[in-house]
Each structure stands twice: as structure tokens, then as C-alpha cells.
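Trainee: Before I ask anything, here is the structure I am working with.
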Amino acid sequence: MKKINFIVIIIATFLFIGNSCDSQKTYAEYLKDESKAIKQFIAENGIVVLDEYPADRVFEPNEFYRDPATGVYYNVIDSGREPKAVPGAEVYIRFSGLTYFIDGDTTKYTNIYSPDPETLVYGNPTTYPCYAWILPLVHVGHLGRVKMIVPFNYGLTYDKSNFRTAFYENLQYRIEDIDYPVN
């Protein structure tokens with residue numbers, strides 16, 4: 001009798017595990033869903049995708065450059081001013097209008113009123129809370145502002161682990177003054 005109960009429990013366990021695995025999306029399905037959602041977001045918002053960074057460095061409000069290596073889209077609202085980030089510079093990031101458009105979350109997140117901005121050290125990937133945030137830094141300086149569409153693979157750790165694609169309406173960089181080498 002104990003042997004039969006043990007076998008029934010084992011079979012029930014395998015059935016439970018098998019059913020729970022069937023309802024889970026695969027990574028490829030998440031990527032496919034994300035690609036469709038980004039295309040839909042672009043169409044619904046009248047976004048023009050640029051394959052090349054504008055030569056005059058000026059964006060129209062609905063133009064987004066697509067980084068070919070990452071698939072991150074960004075629009076430079078304001079290029080900011082000197083200094084630009086150099087390796088070792090501390091960069092403080094504030095954002096508003098962060099939304100996740102795949103899962104129907106209509107909340108707009110912000111860290112504008114938080115006492116602590118997000119921080120990274122330019123050139124040190126271990127300090128990057130969000131890899132996508134460093135991409136515009138080649139083009140913007142202190143107080144530069146951008147809009148971004150960030151695929152989950154290049155987003156915050158939470159976004160990666162929960163497959164959440166982000167849109168930032170306004171992301172601003174503050175580059176901490178550091179001693180720049182004199183040439």
C-alpha cells in the first residue's frame with residue numbers, strides 16, 4: 001500500500017510540474033512579444049525611427065535613433081553642456097514618465113522627488129543600474145535630456161527578470177565635476 005501511495009504521489013508531482021511548465025512562456029516568445037509591442041508603440045505614437053544618428057545632432061520630437069547593437073531607441077531632447085562623461089565620471093540620473101507598455105501597467109514612475117538619484121560610474125559596467133542609460137552619453141553632456149525605449153535585456157535588473165520593456169519620457173544626466181586631464 002505504501003508503495004502505491006508513493007507512486008501516486010510521484011505521478012501527481014510530475015503532472016503538476018509538467019502543467020506549470022506548459023503555461024510558462026519561453027525566452028523566444030518574450031522576445032517576439034516585445035518586438036511586436038515596440039513596433040505597435042512606435043506606430044501608435046507616430047515615431048520615426050532613424051538608422052543613422054542625425055549629422056546636425058538635432059532630433060525632431062518624434063524622431064528616435066535606434067542603436068543597432070542593442071535595439072535601444074533614444075531621442076535627444078537637449079544635448080546639455082560640458083562636461084561630457086569621461087571614464088571615471090560619476091553620472092547621476094533622474095527620470096520621469098517611466099512606463100511599461102507591454103503588460104498594461106499604466107503607472108508613470110519617477111525618481112525626480114527621490115532624495116537619491118540613480119548613480120553610475122562611466123566606464124565601469126559593474127555600476128550600471130541600466131545599460132541603456134549609458135548609450136546616449138556619447139552624444140550628451142551635463143544636464144542632457146533624452147527620451148528612450150528600452151528593451152528588457154538592456155533595462156534595470158527588475159525589468160530584465162520580469163521581461164518589462166520601458167519607455168522613459170524624460171531622463172536627465174548630471175555629470176559630477178571631476179578633474180579632467182590637461183592636454
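The values are calculated or read from the model by the stated rules, or taken from the named source; none is laboratory data. As the structure is a prediction and not an experimental result, all values here were calculated from the model. A quick note on method: Cβ atoms are made from the backbone with ideal geometry, for glycine too, and the neighbour counts reach across all protein chains shown.
Trainee: What residue, among those in the range 33-48 that are among the hydrophobic types (A, V, I, L, M, F, W, C) and loosely packed, with under 13 Cβ neighbours inside 10 Å, is farthest from Ala166 (Cα to Cα)? Steps first, please.
Mentor: Let us first name the residues in the range 33-48 that are among the hydrophobic types (A, V, I, L, M, F, W, C), namely 37-38, 41-43, 47-48.
Among the residues that remain, those that are also loosely packed, with under 13 Cβ neighbours inside 10 Å are: 43, 48.
Numbers: Ala43: 16, Val48: 18 Å.
Top of the filtered list is Val48.
Trainee: Something else now. Kindly list, by first and then second residue, each pair from a residue in the range 138-150 that is closer than 17 Å to Ser96 by Cα and modelled with pLDDT of 95 or more to a residue that is small (Gly, Ala, Ser) and part of a strand (DSSP E or B), limited to pairs with Cβ atoms under 9 Å and residues at least 6 apart or on different chains.
Mentor: Hits for this filter: Met148/Ala166; Ile149/Ala166; Val150/Ala166.
Trainee: Can we say Asn153 is modelled with pLDDT of 95 or more and either touching a Cys at 6+ places or on another chain (Cβ under 9 Å) or in a helix (DSSP H, G or I) (or both)?
Mentor: On the way: modelled with pLDDT of 95 or more: yes; either touching a Cys at 6+ places or on another chain (Cβ under 9 Å) or in a helix (DSSP H, G or I) (or both): yes.
Yes; evaluated as a whole, the condition is true for this residue.
Trainee: Further question: Here is a list: Pro83, Pro115. Which entry is assigned to a loop (DSSP other than H, G, I, E, B) and out of contact with any Phe, Trp or Tyr (no Cβ under 6 Å at 6 or more places or on another chain)?
Mentor: Details: Pro83 fails: assigned to a loop (DSSP other than H, G, I, E, B).
Going through Pro83, Pro115 in turn, just one is assigned to a loop (DSSP other than H, G, I, E, B) and out of contact with any Phe, Trp or Tyr (no Cβ under 6 Å at 6 or more places or on another chain): Pro115.
Trainee: Pull up the range 121-137, narrow it to residues that are farther than 13 Å from Leu98 by Cβ and touching a residue at least 60 places away in the same chain (Cβ under 8 Å), then point me to the one that is surrounded by the most Cβ atoms within 10 Å (Cβ to Cβ).
Mentor: Quick first cut of the range 121-137, residues farther than 13 Å from Leu98 by Cβ only: 121-128, 131, 134-137.
Right, trim to touching a residue at least 60 places away in the same chain (Cβ under 8 Å) and you get 131, 135-136.
Numbers: Tyr131: 17, Leu135: 20, Pro136: 24.
Out of the qualifying residues, it is Pro136.
Trainee: Hey, could you check the range 114-155 for residues that are in contact with a strand residue (DSSP E or B) (Cβ under 7 Å, 6 or more places away or on another chain) and of a type in the set (S, T, N, Q) and say which is nearest to Lys84 (Cα to Cα)?
Mentor: It comes out as Thr119.
Trainee: Does at least one position in the range 124-142 carry a residue that is closer than 24 Å to Asn45 by Cβ and in a loop (DSSP other than H, G, I, E, B)?
Mentor: Within the range 124-142, one or more residues are closer than 24 Å to Asn45 by Cβ and in a loop (DSSP other than H, G, I, E, B).
Trainee: Exactly one of (1) surrounded by fewer than 12 Cβ atoms within 10 Å (Cβ to Cβ); (2) of a type outside the set (Ser, Thr, Tyr); (3) within 14 Å of Val140 (Cβ to Cβ) is unmet by Asp56. Its number?
Mentor: (3)
Trainee: Separate question: Checking the condition touching a helix residue (DSSP H, G or I) at 6+ places or on another chain (Cβ under 6 Å) and of a type outside the set (Asp, Glu), which residue from Arg174, Arg164, Arg94, Arg81 passes? Let's see the steps before the verdict.
Mentor: Working: Arg174 fails: touching a helix residue (DSSP H, G or I) at 6+ places or on another chain (Cβ under 6 Å); Arg94 fails: touching a helix residue (DSSP H, G or I) at 6+ places or on another chain (Cβ under 6 Å); Arg81 fails: touching a helix residue (DSSP H, G or I) at 6+ places or on another chain (Cβ under 6 Å).
It is Arg164.
Residue-wise test of (1) of a type in the set (D, E, K, R); (2) surrounded by 10 or more Cβ atoms within 10 Å (Cβ to Cβ); (3) at pLDDT 95 or above; (4) assigned to a loop (DSSP other than H, G, I, E, B).
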{"residue": "Ile10", "(1), (2), (3), (4)": "no, yes, no, no"}
{"residue": "Ser20", "(1), (2), (3), (4)": "no, no, no, no"}
{"residue": "Leu31", "(1), (2), (3), (4)": "no, yes, yes, no"}
{"residue": "Ala69", "(1), (2), (3), (4)": "no, no, yes, yes"}
{"residue": "Tyr74", "(1), (2), (3), (4)": "no, yes, yes, no"}
{"residue": "Ile93", "(1), (2), (3), (4)": "no, yes, yes, no"}
{"residue": "Thr106", "(1), (2), (3), (4)": "no, no, no, yes"}
{"residue": "Thr119", "(1), (2), (3), (4)": "no, yes, yes, no"}
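Trainee: Also, I was wondering about something else. What is the one condition in (1) surrounded by fewer than 15 Cβ atoms within 10 Å (Cβ to Cβ); (2) within 15 Å of the chain's Cα centre (by Cα) that Pro83 does not satisfy?
Mentor: (2)
Trainee: Moving on. What residue, of Ile42, Ile38, is at pLDDT 95 or above, in contact with a Ser or Thr (Cβ under 9 Å, 6 or more places away or on another chain) and part of a helix (DSSP H, G or I)? Walk me through how you get there before you give the answer.
Mentor: Values: Ile42 fails: in contact with a Ser or Thr (Cβ under 9 Å, 6 or more places away or on another chain).
Of Ile42, Ile38, the one residue that is at pLDDT 95 or above, in contact with a Ser or Thr (Cβ under 9 Å, 6 or more places away or on another chain) and part of a helix (DSSP H, G or I) is Ile38.
Trainee: For the subset of the range 144-175 comprising residues that are under 9 Å from the mean Cα position of the chain (by Cα) and under 21 Å from Arg57 (Cα atoms), which member is surrounded by the most Cβ atoms within 10 Å (Cβ to Cβ)?
Mentor: The selected residue is Val150.
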